[in-house]
Amino acid sequence: MLPPGTVAGREEIARAEDQGLDEDDGQDFTVEVPRDLRVLVVDGAPSALRTRDEAFFVEAALSPARTGGRVAPTVLDAEAAVNAPLEGYDVILLLDVIAPPRSFSDKLRALIVHKGVGLFVSLGDHVDPDAYNDAFGDLLPQPLHLIKTAADPASGERKEDPRGTDQAARFGVVEWTHPLFHIFSAVDREGLLGARTFKYALLKPDPTGASRAVLSYDDGAPALVEGQRGQGRVLLYTSTVSHAWTDWPVRVSFLPVLQQSVSWLAGSLEEKAPPPSQVGNDRTVIAPQGSRIAAVLGPSGSPLQLRREKAAPQAQDSAQVQLSEPGLYRVQLQPPTGPARIEPALGFVARLDPKESDLRRVDEAELKAQLGGAGSAQVASSAQAAEGARGTPLWGSLLLLGVLALLGEGTLTRR
């Protein structure tokens, strides 16, 4: 099993020794292995009937069978979570919990702001808007205003009463380019847009203007709002993650959105291996904040010449190198204290231009296009003809030689 983080490797193809072009028979690569995520799920409305439990659908979405074992969820009820240690978790989900004491909120705030822990908050019958605003303060992307009932939530279970389902809210505006939703193709979007919501919270305006609604209902009210708090991210969902207020959790679109939300809150969606470069080009390497580029080692292991530009005092250190050969390039970082070390996350590969390995015969039309097109060829021919016209013709030279020969013969005859 590969360790989490950036892992380097090399692939080679078998060939006969007399085939030539040895340089492109092997290729180095880097790949990002996702790290495992520790997730705390705080169930504010536990129930002996599992399908009525607020955390039932969340647990199902984050189960090892559906995440490949990459997510390790721990489920606690709200009372147990208040006194439980929160350190060590990447994401914390608060599902319809009663407004917690200030000590819990302060502990949560420190982890989000300074440690980059992600927070997901969903609502329900245990949520009092004023108490939530007092308990969480500006941790919420937007303050809660009041709970709106668009239709009787029980109407979603009574198929003989279509009036309630017709009055239910549906998702109207979706930021399809957002990491939470870009996974949906055009044909899959109906599974999200068709979800019905019977109750949801209305929000007050964000006094800072920094929050953003990535999902809204058809009446314009925000459904899912994101915010940045220090190093951490926060998502506020204005309805329930059970089918107490909505039928979204029983639709196929709920599971991938929740999984994407957890990964996005943890910052793991941005953890990707650096893209490869092409031999002959330059590459700029940027050090993490607080460290410095000590050296860039080429495929042979020798350090490359670093070109640095003057930067602002607080700017991240960077250096530019020229890539002269294919292979894996490793970066040495110099931390504020201690010796320099190799940083695998900054390693990258340089590859040959694939056109250099293409031995197919060039088509005549393509060759003309590369040389400037047929019009260029005609211009060149005309230029050569004009140059020939300005030069001395061949028949004129031959005539001159003939005249000189006759004159020479006449001189000899007279003698």
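Consider Gly230 carefully, then state whether it is touching a residue at least 40 places away in the same chain (Cβ under 8 Å), under 20 Å from Gly118 (Cβ atoms), open to solvent by 30 Å² or more (accessible area, probe 1.4 Å) and of a type in the set (Gly, Ala, Ser). The answer is yes for Gly230. Which number in (1) under 30 Å from Val33 (Cβ atoms); (2) free of Cβ contacts under 8 Å to residues at least 40 places away in the same chain marks the one condition that Leu235 misses? Among (1) under 30 Å from Val33 (Cβ atoms); (2) free of Cβ contacts under 8 Å to residues at least 40 places away in the same chain, Leu235 violates only (2). Candidates in the stretch 68-87 are the residues that are of a type in the set (Gly, Ala, Ser) and under 32 Å from the mean Cα position of the chain (by Cα); of these, the one that is modelled with the highest pLDDT is Ala72. The single condition from (1) assigned to a loop (DSSP other than H, G, I, E, B); (2) open to solvent by 10 Å² or more (accessible area, probe 1.4 Å); (3) under 30 Å from Lys107 (Cα atoms); (4) touching a strand residue (DSSP E or B) at 6+ places or on another chain (Cβ under 7 Å) that Thr240 fails is (2).
Touching a residue at least 12 places away in the same chain (Cβ under 8 Å), open to solvent by less than 80 Å² (accessible area, probe 1.4 Å) and not in a helix (DSSP H, G or I), is that true of Ala350? Yes: the conditions hold for Ala350. Filtered by the rule that a residue be open to solvent by less than 20 Å² (accessible area, probe 1.4 Å), more than 21 Å from Asp188 (Cβ to Cβ) and over 20 Å from the mean Cα position of the chain (by Cα), the stretch 243-278 gives a lone residue, Trp245. If we keep just the residues of the stretch 13-23 that are modelled with pLDDT under 70 and either small (Gly, Ala, Ser) or farther than 13 Å from Ala350 by Cβ (or both), which is most open to solvent (accessible area, probe 1.4 Å)? That would be Glu17. Can you find even one residue in the stretch 247-261 that is among the small types (Gly, Ala, Ser), closer than 30 Å to Thr149 by Cβ and in a loop (DSSP other than H, G, I, E, B)? Checked the stretch 247-261: at least one residue is among the small types (Gly, Ala, Ser), closer than 30 Å to Thr149 by Cβ and in a loop (DSSP other than H, G, I, E, B).
Restricting attention to the stretch 97-135, the residues being open to solvent by 20 Å² or more (accessible area, probe 1.4 Å), touching a strand residue (DSSP E or B) at 6+ places or on another chain (Cβ under 9 Å) and polar (S, T, N, Q) number 1. Restricting attention to the stretch 113-149, the residues that are in contact (Cβ under 8 Å) with a residue 60 or more places away in the chain and either under 18 Å from Leu224 (Cβ atoms) or part of a loop (DSSP other than H, G, I, E, B) (or both) total 20. Of all residues in the stretch 186-216, those satisfying the criterion of being of a type outside the set (S, T, N, Q), in a strand (DSSP E or B), closer than 18 Å to Val121 by Cβ and open to solvent by 10 Å² or more (accessible area, probe 1.4 Å) are Lys199, Leu202, Leu203, Arg212, Ala213. Taking residues in the stretch 255-277 that are within 30 Å of Leu328 (Cα to Cα) and acidic (Asp, Glu), and partners anywhere that are in a loop (DSSP other than H, G, I, E, B) and open to solvent by 50 Å² or more (accessible area, probe 1.4 Å), the pairs with Cβ atoms closer than 8 Å and at least 6 places apart or on different chains are Glu271/Pro34; Glu271/Arg35. From the list Glu32, Glu59, the lone residue that is modelled with pLDDT under 75, surrounded by 14 or more Cβ atoms within 10 Å (Cβ to Cβ) and not in a loop (DSSP other than H, G, I, E, B) is Glu32. A count restricted to the stretch 64-85 and to residues that are buried (at least 17 other Cβ atoms within 10 Å of the Cβ) and either in a loop (DSSP other than H, G, I, E, B) or touching a residue at least 60 places away in the same chain (Cβ under 8 Å) (or both) stands at 3. Of all the listed residues (Ala377, Ala345, Ala369), the sole one being part of a helix (DSSP H, G or I), surrounded by 12 or more Cβ atoms within 10 Å (Cβ to Cβ) and modelled with pLDDT of 80 or more is Ala345. Selection within the stretch 282-299: residues that are touching a strand residue (DSSP E or B) at 6+ places or on another chain (Cβ under 8 Å) and open to solvent by 70 Å² or more (accessible area, probe 1.4 Å). The member of this set that is farthest from Pro344 (Cα to Cα) is Asp282. Lys159 falls short on exactly one of the conditions (1) outside any helix (DSSP H, G or I); (2) modelled with pLDDT of 95 or more, and that condition is (2).
The values are calculated or read from the model by the stated rules, or taken from the named source; none is laboratory data. Only a predicted model underlies this, so the values are computations on that prediction, with no experimental measurement involved. All Cβ positions, even for glycine, are placed from backbone atoms using ideal geometry, and neighbour counts span all protein chains on display. To get the accessible areas, we keep the full protein, side chains included, count just its heavy atoms, and leave off ligands, DNA and RNA. Shrake-Rupley method; radii C 1.70, N 1.55, O 1.52, S 1.80 Å.
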